[in-house]
Amino acid sequence: MTGMFFRAQEISKSFPGVKANDRVDFEMATGEIHALFGENGSGKSTLVKTIYGLAQPDEGRMWLRGEDYMPRSPQQARAKGVTMVFQHFSLFDAMSVAENIALGMDQPPPRARLSEMIANTGERYGLPLSPDSRVGDLSVGERQRVEIIRCLLQDPDLLIMDEPTSVLTPQEVDTLFATLRQLVAEGTAILYISHKLEEIRELCDRATILRGGRVVAKCDPKEKSARELAELMVGRSFSAPARAASATEGELLLEASGLSLPPVSVFGTGLTGVSFSVRAGEVLGIAGVAGNGQEELAAALSGESRASGSLRLDGVELQGKGINERRRLGLSAAPEERLGHSAAPDMSLTENAYLTAAVRMRLSPGGIVDWSAARSFAESVMHSFDVRAAGPFSAARALSGGNLQKFVIGREILQTPRALVVNQPTWGVDAAAASVIRQALLDMAEDGAAIVVISQDLDELIEISSTIAVLNGGRLSEQLRVENVTRDELGLLMGGAKGLREVADAAA
Amino acid sequence: MLRLEPRLEASRTWAALTPVMAVAATMVAGAVMFALLGKDPLVAIRTIFWAPLFDPALAAYARPQILVKAAPLILIAIGLSLGFRANIWNIGAEGQYVMGAVAGGGAALAFYPLDAWWLFPFMLFCGLLGGLLWGLIPAFLKVTFRANEILVSLMLVYVAEQYLASVALGLLRNPDGAGFPGSRNLQTYESAHNAELIAGTGIHLGVVTAALAVVMVYALLRMHRTGFEIKLSGQSPRAARFAGVNQAVLTYFCLGTGGAFAGLAGIFELSGPSGQLSIDFNVGYGFTAIIVAFLGRLHPFGIVFAGLLMALTYIGGEMAQFMLNLPSAAIQAFQGMLLFFLLSMEFLTRYRIRIRRLERN
């Protein structure tokens with residue numbers, strides 16, 4: 001095979017119970033940014049792992065520069081000029097940038113020489129980084145730079161990037177894109193994995209779309225709308241959530257003032273004086289880059305951790321009250337992690353329905369569990385939110401991410417709490433399910449509930465929030481009407497600007 | 001080529017089959033071992049598994065003995081299973097068993113030779129309390145100082161044994177015993193004697209209590225919120241916190257129940273089959289019950305089956321020892337095989353074996 005820089009033919013790979021890749025054909029030219037996208041479980045990761053030598057296909061062949069290519073390990077892949085930046089970084093917080101980079105190299109040069117190389121590469125690609133900084137002190141965006149420079153130092157011909165922007169502010173995304181374009185101009189091929197369709201349209205020259213382990217489409221993403229791309233991805237059309245035109249906001253329902261929580265570890269995030277207020281019918285969106293205290297805030301609101309400060313629901317102080325007492329009073333929560341936090345993986349949907357609904361739905365009066373009532377409640381959640389499962393006896397583990405998320409969110413909504421806190425409600429969820437969930441949250445607000453949505457997806461927040469605030473380093477910015485704020489302003493707040501005035505200064 | 005593949009979901013069929021297959025495999029491997037020792041393997045296996053139950057000459061003695069041995073094993077194991085399901089590891093049931101016997105026996109002997117209807121229930125209550133309090137020590141240390149309950153409960157076994165030795169030689173020594181160590185024999189103390197309910201069957205109140213405990217725990221796990229909390233904490237601690245489970249209360253409950261059941265087993269044994277509080281009163285029921293709990297897959301009815309099976313191999317093993325002149329080490333090895341096969345077969349519930357032809361190239 002000549003002409004194409006990289007080519008894969010009829011790649012198939014099975015895992016117990018699932019065909020992850022099914023005769024996937026795929027090729028890339030030098031100097032192109034090629035998008036690979038699809039829903040969770042569509043086989044993206046498996047294909048990429050195959051290319052990077054982390055997995056071997058059951059069948060199929062690959063060629064790199066026209067030669068047979070079948071890496072048995074990442075070392076072999078790197079020797080052939082293929083490198084990868086993972087979504088989850090493998091960095092040691094307590095070590096310096098240079099030490100971390102040296103650890104990831106097969107043959108690291110002497111330290112002084114390495115530091116020089118890091119500085120030079122950083123300068124050349126607009127990725128400023130001090131080789132001696134401790135990684136624990138860096139922002140998430142800077143940590144990603146460490147990973148990218150680690151790859152660039154190996155002079156890659158093919159760079160694989162797995163969901164690189166999920167941890168970045170909009171400004172950091174722009175910087176990253178500039179770097180990637182420069183690399184491509186110098187002849188590197190980039191395989192870009194993402195599910196953010198707008199980004200793909202902006203950055204990529206070609207796209208390969210996977211669904212259920214198969215290639216379902218190849219296209220030029222610039223010629224399609226984000227909507228068309230999404231429909232290719234999920235294989236059917238769906239509607240965007242609609243907010244009622246006459247959304248009115250009522251009296252103050254949920255009010256936090258000065259919530260603080262010490263960090264659990266040296267590099268962990270605590271909460272410092274978090275204050276906000278949410279009216280009946282209002283959706284408060286809390287934006288922020290991952291790891292800035294989202295999980296801590298969700299736990300402090302749900303009652304899983306004991307924060308100092310005040311949290312009132314309709315005037316009633318909730319501090320000092322446990323999670324079930326808060327549920328009884330009308331504050332419910334849906335955590336980020338579905339398996340193992342919102343739901344017990346090996347328990348049935350009936351048992352998982354009982355898990356949070358015991359109090360409000362009175363499912364165990366006097367301690368004796370009314371399992372038939374729990375089962376009917378599980379069934380009504382499944383029915384109302386179109387949860388696809390064999391039945392209420394199915395184990396939570398057996399459901400797809402989107403279906404389980406619909407179940408755990410629906411479980412809270414059908415208990416009709418007065419206020420609901422959700423963390424990352426559509427994380428790792430297919431587009432159709434995400435749209436169902438967002439619509440349900442909006443409907444709930446319309447019925448007079450106060451809703452707090454913590455999310456790293458800025459588009460999602462702009463779509464459903466009435467007010468928005470940004471969490472950065474455990475501090476919450478002032479709360480702004482969503483119509484009075486721009487993406488750029490939010491981006492600056494996510495990057496650490498203290499308030500709107502500073503944002504205005506930065507813009508000037 | 002053989003390959004192991006993890007199963008998506010644990011196989012229910014295998015989960016039900018493994019104990020049966022483990023017993024079958026133990027019989028085969030045991031037969032080989034007995035043959036190597038120069039005994040007729042069929043006779044040996046028959047003596048262990050069949051004779052105690054059905055041999056016309058032996059069953060009359062052996063059947064009641066099986067119940068007598070199985071009852072404390074089941075009662076202790078059923079209490080332990082609650083904690084094990086919640087990831088709370090009480091390894092010290094042996095100590096709780098001893099302390100139950102000492103507390104209950106001490107209470108009864110304190111009133112010797114009183115003849116009163118309330119003495120027997122009072123003695124049982126003190127036995128329960130002794131085990132309960134001994135079990136609550138590791139619970140308190142775990143909740144308050146995050147001390148590892150495995151170590152604490154285990155070390156308390158040795159404390160309990162020393163205490164038993166001390167009272168058997170001192171405080172509770174039989175004043176009419178001509179200076180021999182050991183307490184008065186409760187079998188001869190009418191109002192404290194845990195006699196057989198139906199003569200010749202081996203059924204004493206401890207057997208009935210064990211059966212009741214099985215049913216109660218089964219109902220608790222099936223129907224009560226606490227049962228749900230126990231299962232949830234074991235499977236998914238974070239989800240348990242989200243469900244509002246109070247981990248401290250659960251720790252006290254599980255270790256306390258385990259201790260109380262072990263204490264009851266201790267006092268039933270002391271006031272019935274054993275009779276006398278002596279240095280070697282405890283024979284390892286508390287440790288064997290751990291095996292019984294896992295052999296029964298922590299399921300109440302499984303534990304009944306496992307307890308009876310374990311008691312059968314004890315009685316059958318003893319018979320094989322004196323009838324066929326087998327060394328006691330061979331019997332212990334045989335019981336060890338049972339455990340080994342059970343654990344290795346359990347692997348099959350989570351993994352499947354695939355036979356694959358080697359790929360070309």
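The values are calculated or read from the model by the stated rules, or taken from the named source; none is laboratory data. As the structure is a computational prediction, the values presented were derived from the model and not from experiment. Every residue, glycine as well, gets a Cβ built from its backbone with ideal geometry; the counts of neighbours run over all protein chains shown.
If only residues of segment B:44-72 that are over 21 Å from B:Gly30 (Cα atoms) and not aliphatic (A, V, I, L, M) are counted, the one that is surrounded by the most Cβ atoms within 10 Å (Cβ to Cβ) is B:Pro72.
Taking the conditions (1) within 22 Å of B:Phe341 (Cα to Cα); (2) at pLDDT below 95 in turn, B:Val304 satisfies each one other than (2). When residues in segment B:175-205 are screened for being at negative phi, part of a loop (DSSP other than H, G, I, E, B) and touching a residue at least 24 places away in the same chain (Cβ under 8 Å), 9 of them pass. Scanning segment B:146-181 for residues that are under 26 Å from B:Phe287 (Cβ atoms) and of a type in the set (Phe, Trp, Tyr) yields a total of 2.
Say we look at segment B:209-225 and pick out the residues that are in a helix (DSSP H, G or I) and facing chain A (nearest Cβ under 7 Å); which of these is nearest to B:Phe301 (Cα to Cα)? My answer is B:Met223.
Among the residues of segment A:177-196, those identified as of a type in the set (A, V, I, L, M), touching a helix residue (DSSP H, G or I) at 6+ places or on another chain (Cβ under 8 Å) and either part of a strand (DSSP E or B) or closer than 26 Å to A:Gly41 by Cβ (or both) are A:Ile190, A:Leu191, A:Ile193.
Among the residues in segment B:26-40, are any away from chain A (no Cβ under 14 Å), modelled with pLDDT under 80 and in a helix (DSSP H, G or I)? There is no residue in segment B:26-40 that is away from chain A (no Cβ under 14 Å), modelled with pLDDT under 80 and in a helix (DSSP H, G or I). Counting the residues of segment A:262-297 that are among the small types (Gly, Ala, Ser), at pLDDT 95 or above and under 22 Å from the mean Cα position of the chain (by Cα) gives 1.
When segment B:285-301 is filtered for residues that are modelled with pLDDT under 90 and surrounded by fewer than 22 Cβ atoms within 10 Å (Cβ to Cβ), the ones remaining, listed by number, are B:Ile291, B:Phe294, B:Arg297. Of all residues in segment A:400-409, those satisfying the criterion of being modelled with pLDDT under 95 and crowded, with 24+ Cβ neighbours inside 10 Å are A:Gly402, A:Leu404, A:Gln405, A:Lys406. Screening segment A:339-396 for residues that are assigned to a strand (DSSP E or B) and facing another protein chain (nearest Cβ under 8 Å) and picking the one that is farthest from A:Gln424 (Cα to Cα) gives A:Ile368. For B:Leu212, are the conditions met, namely being closer than 19 Å to B:Val102 by Cβ and under 19 Å from the mean Cα position of the chain (by Cα)? Taking the combined requirement at face value, the residue does not satisfy it.
Scanning segment B:313-328 turns up no residue that is away from chain A (no Cβ under 14 Å), buried (at least 19 other Cβ atoms within 10 Å of the Cβ) and closer than 24 Å to B:Gly131 by Cα.
Scan segment B:229-240 and give yes if some residue there is under 26 Å from B:Gly135 (Cβ atoms), more than 14 Å from chain A (Cβ to nearest Cβ) and surrounded by fewer than 19 Cβ atoms within 10 Å (Cβ to Cβ), otherwise no. Within segment B:229-240 (the criterion being under 26 Å from B:Gly135 (Cβ atoms), more than 14 Å from chain A (Cβ to nearest Cβ) and surrounded by fewer than 19 Cβ atoms within 10 Å (Cβ to Cβ)), the answer is no, since none of the residues qualifies. Take the conditions (1) modelled with pLDDT of 95 or more; (2) out of contact with any Pro (no Cβ under 6 Å at 6 or more places or on another chain); (3) surrounded by 18 or more Cβ atoms within 10 Å (Cβ to Cβ); B:Met155 misses just one of them, which is (3). Within segment A:156-172, if we keep just the residues that are out of contact with any His (no Cβ under 8 Å at 6 or more places or on another chain) and charged (D, E, K, R), the residue that is nearest to A:Ala185 (Cα to Cα) turns out to be A:Asp157.
If only residues of segment A:410-435 that are within 22 Å of A:Ser166 (Cβ to Cβ) and modelled with pLDDT of 90 or more are counted, the one that is surrounded by the most Cβ atoms within 10 Å (Cβ to Cβ) is A:Val421. If the condition is being of a type in the set (A, V, I, L, M), more than 14 Å from chain B (Cβ to nearest Cβ) and crowded, with 19+ Cβ neighbours inside 10 Å, then segment A:1-55 contributes A:Ala8, A:Ile11, A:Val24, A:Met28, A:Ile33, A:Ala35, A:Leu36, A:Leu47, A:Val48, A:Ile51. I want to confirm something. Restricting to segment A:317-338 and keeping residues that are surrounded by fewer than 22 Cβ atoms within 10 Å (Cβ to Cβ) and under 25 Å from the mean Cα position of the chain (by Cα), which single residue is farthest from the other protein chains (Cβ to nearest Cβ)? Residue satisfying both the conditions and the ranking: A:Glu336.
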